[in-house]
Amino acid sequence: MSFFRVLFISLGLGADAFAASVARGLGAVRLDTSLALRTGAVFGFFQGLMPLAGYFAGGTVAPFIDPFDNYVAAALLVFIGVKTALGAREDDSFALVGTSVAALLPVGVATSVDALAVGVAFSLDPAVNIFPVCAVIALVTFCMCVLGVMIGAAFGAKHRKAAQLAGGAILIIMGVRFLFG
């Protein structure tokens with residue numbers, strides 16, 4: 001598999017994580033480099049891990065997971081989106097959402113569910129060397145997410161409450177998209 005093909009797959013897989021990172025940054029009072037790095041690390045980890053899990057699970061587990069994966073991702077994103085939007089009414093910008101690794105885990109999982117299916121598809125192609133492919137996916141997602149938090153924070157610092165509402169709306173829209181498409 002060519003590097004450019006892997007890069008484009010990585011950009012596609014990382015798009016949801018990027019949008020969630022922008023939403024995360026929108027709630028920030030100021031640019032927080034440690035939040036950007038944590039977000040990138042968690043989202044990159046799951047985007048790199050899920051194709052690996054899908055690759056090794058192959059066709060064995062996919063039929064059991066496939067009917068429910070969109071519902072789980074949708075529920076997580078909508079739930080976190082609603083909490084984020086409601087947090088705009090609070091004085092503390094992260095009162096309901098949190099910035100810890102534990103708070104980022106559900107969003108990291110939800111935005112990487114599609115990567116599991118990509119891993120299953122990779123298992124059908126004997127030319128795929130899964131470990132470097134997953135490393136590229138993780139690295140690209142990490143970079144996209146760090147940038148996403150920074151972009152969100154740059155806007156959110158000036159318009160915190162509106163930005164936090166927008167961040168919650170982005171997550172809710174992503175969840176609805178998972179549910180219906």
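Some points to look at:
- The order of 155, 8 by accessible area, most exposed first and with a 1.4 Å probe, is 8, 155.
- Estimated inter-spin distance, residue 3 and residue 82, nm [label 7 Å along Cα→Cβ]: 4.6
- With the highest mean first, a sort of the peptides 18-24, 33-39 on other beta-carbon atoms found within 10 angstrom per residue produces 18-24, 33-39.
- Accessible surface computed residue by residue for the range 1-52, with neighbouring protein chains in place and a 1.4 Å probe, gives 41 Å² per residue.
The values are calculated or read from the model by the stated rules, or taken from the named source; none is laboratory data. Because the structure is predicted, anything quoted here is derived from the model rather than measured. Neighbour counts are summed over all protein chains in view; Cβ atoms, including those assigned to glycine, are modelled from backbone coordinates with ideal geometry. The protein model used for the area step is the full one, side chains on, heavy atoms only, and it has no ligands, DNA or RNA in it. Shrake-Rupley method; radii C 1.70, N 1.55, O 1.52, S 1.80 Å.
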